[in-house]
Amino acid sequence: MADTIRIRSTRPSAQELQVLVRIWMETFAGHTWRASHFPRGTETEDEEREWRVGWKLRALDNDPTNFYVVAHEEEKKTLPGGAVEEDIIIGWTSWNSVAEPGKEKSAEQKGREEVEEMGYRPDAMDKTEQERIRAGLKVVYKKCIGEGDARDYWILQVLCVHPSHQRKGVATRMVRWGIEEAARHGKGVIVIATPMGKPFYASVGFQTVAKMDIWGEAFPGMVIRPP
C-alpha cells in the first residue's frame, strides 16, 4: 500500500484547498474542535466550508512561512461523467516554518492582520468561543517554547487523513517528513494535539509540556526540541 502513496510539499491552489478542507471536515466530523467553533453542526456546513477555504487562502497570501504537505494515492478512480482521476489526495498537513532574517512581521503588523481576519468570520461561528480558544492557543505555544526562542520552532498546524485511508501509515509519513525537514534547518516542532491524537504524536517523538481545555477535553501542547 505504501508504494502507491506519494508525499509532497506545496502551496495549494484555491481549487486544491477546496479538496483539503473537504477532507478536514470529513475527518473531524462531530469533533469537539469543530463543534466549539460551529455549534450548529451540519446546519451551517456550507458557511463553515466557505470560511475555512477563504481563511487558508488568506493565510497563504499573508504568510510566506505557511506551507502544506500533501499525501496522494496513485489510484484510478472513475468520477461522475466517466472522467478518470488517477492521483487522489488522501491527507495533508499544514505547517508554519520560520521567516527569513529581516522578513519577520512586527507585533503591530500581526495584530492588524488578526483584527482584519476577524472581520471575515461568518454569523454561524461562535465568535466568543473562537476568541477564547485563540487566546488559549497563544498561551500553550508560549509554554511549549519555554525559555527558548520562537524562531527555533516550526508549528504543525493541522494533520488530517481521510477516514477511509487512516491506519495505513499516511499520517506518520507526512509528520516525519516535516520533523526531518525542520531538523535539517536546525528547528524543533510544536503541535497542539487532539486528545485522540496524543498517542500518535508521542509515538513519533513529541513530548507533552502543556495543555488547554476545550469543552472539558484536554488538548496537549507537544514538542520536539531543536536538534
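Computed values, structure above
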{"read-out": "Shape of the range 165-220, Cα gyration tensor, a/c cut at 1.5", "value": "oblate"}
{"read-out": "Where labels lie 7 Å past Cα in the beta-carbon direction, separation of Lys142 and Arg40 in nm", "value": "3.5"}
{"read-out": "Footprinting exposure proxy for Tyr141, Tyr120 (fewest neighbouring C-beta atoms within 10 Å first)", "value": "Tyr120, Tyr141"}
{"read-out": "Three-way shape label, the chain, alpha-carbon gyration tensor, a/c 1.5", "value": "rounded"}
{"read-out": "Residue order, fewest to most beta carbons within 10 Å, for His165, His185", "value": "His185, His165"}
{"read-out": "Where trypsin sites (Lys or Arg not before Pro) in DSSP loops with at most 10 other Cβ within 10 Å are excluded, longest remaining stretch of the chain", "value": "1-102"}
{"read-out": "Computed magnitude of the charge dipole of the chain (debye, nearest 20; Cβ of K, R +1, Cβ of D, E -1)", "value": "720"}
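Quick note: the coordinates plus some simple rules give every number you see, no bench work behind them. Remember, predicted model here, so these are calculated numbers, not experimental data. Here the Cβ is made from the backbone with ideal geometry for all residues, glycine too, and neighbour counts use every protein chain on show.
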